[in-house]
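Structure, as structure tokens:
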Amino acid sequence: TRRGEMQQRGTQAAHNAVLRLGKREEAWRKQYMHTVANEIVTGAVEHDCDVIVFEELTDIRERLPHAKWHHIWAFRRLFEYVEYKAPERGVSVEQVKPNHTSQRCSRTDCGFTHEDNRQGEEFCCQKCGYEVNADYNAAKNIGVRYARKQRHRLRSSPKSGGGDAPVDVRVNGGMLNSESYQRIAGD
């Protein structure tokens, strides 16, 4: 509103004020992204995680052109901030493919994928009835996808022996591995 009012004035002073406002907004966004990145890395360290996993969000604006909220968040910048901050604290950063992570049931005994499973912020599996926050469900799927990718990599390596190395994934609210999900007390 403020920007629109100043632009309607059409004066040089108003134009300069709009430029200053834009610089302040950009500085605020950068600081906010640094804060979020620091919180992600600190959370990983506090929970003894050795890896932070993101969805690969390359071309998200092209894949979801009608989802306007996606345009607000600087996905790549957040990933880059976490990617350079995490190794300083002994945590690596990885990416996995995002295919259907928000539409797939994260219960390892189900895994049913359907677009009707996600309705806004809620996830309800059409097959097994599992209900949970949609973003939490997607985060669990991202963790499982990474764990399975690592397990597959271990099996296919000639140096890995049997490939049965345990792979655990920390998801706020529980511990997840490729076999099961267990809630943590107080969760």
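The values are calculated or read from the model by the stated rules, or taken from the named source; none is laboratory data. Since we're looking at a predicted model, the values are computed, not measured. So basically every Cβ, Gly included, is an ideal-geometry build from the backbone, and we count neighbours across all protein chains shown. Quick note on the areas: whole protein, heavy atoms, side chains included, nothing else; ligands and nucleic acids left out. Shrake-Rupley method; radii C 1.70, N 1.55, O 1.52, S 1.80 Å.
Answer yes or no as to whether GLY143 is farther than 21 Å from LEU57 by Cα, open to solvent by less than 70 Å² (accessible area, probe 1.4 Å) and among the small types (Gly, Ala, Ser). Steps first, please.
Working: farther than 21 Å from LEU57 by Cα: no; open to solvent by less than 70 Å² (accessible area, probe 1.4 Å): yes; among the small types (Gly, Ala, Ser): yes.
The answer is no for GLY143.
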### Task
Working only within segment 91-117, note down all residues that are within 16 Å of VAL53 (Cβ to Cβ) and open to solvent by less than 70 Å² (accessible area, probe 1.4 Å).
VAL91, SER92, VAL93, GLU94, GLN95, VAL96, PRO98, THR101, SER102, SER106
### Message
It is to be established whether one or more residues within segment 42-55 are modelled with pLDDT of 85 or more, of a type outside the set (A, V, I, L, M) and surrounded by fewer than 11 Cβ atoms within 10 Å (Cβ to Cβ).
### Response
yes
### Task
Give the residues of segment 83-134 that are part of a strand (DSSP E or B) and in contact with a His (Cβ under 8 Å, 6 or more places away or on another chain), sorted by residue number.
THR113
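I'm checking my understanding of the structure. Among residues of segment 118-135 that are under 21 Å from VAL53 (Cβ atoms) and modelled with pLDDT of 90 or more, which one is surrounded by the most Cβ atoms within 10 Å (Cβ to Cβ)?
Restricting attention to segment 118-135, the residues satisfying the condition of being under 21 Å from VAL53 (Cβ atoms) are 118, 123, 132-135.
Okay, now just the ones that are also modelled with pLDDT of 90 or more, so 118, 123, 132-134.
Details: ARG118: 20, PHE123: 23, VAL132: 17, ASN133: 12, ALA134: 17.
So the residue we want is PHE123.
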### Selected residue (criterion: nearest to the chain's Cα centre (by Cα)) from residues of segment 1-46 that are not small (Gly, Ala, Ser) and not in a helix (DSSP H, G or I)
THR1
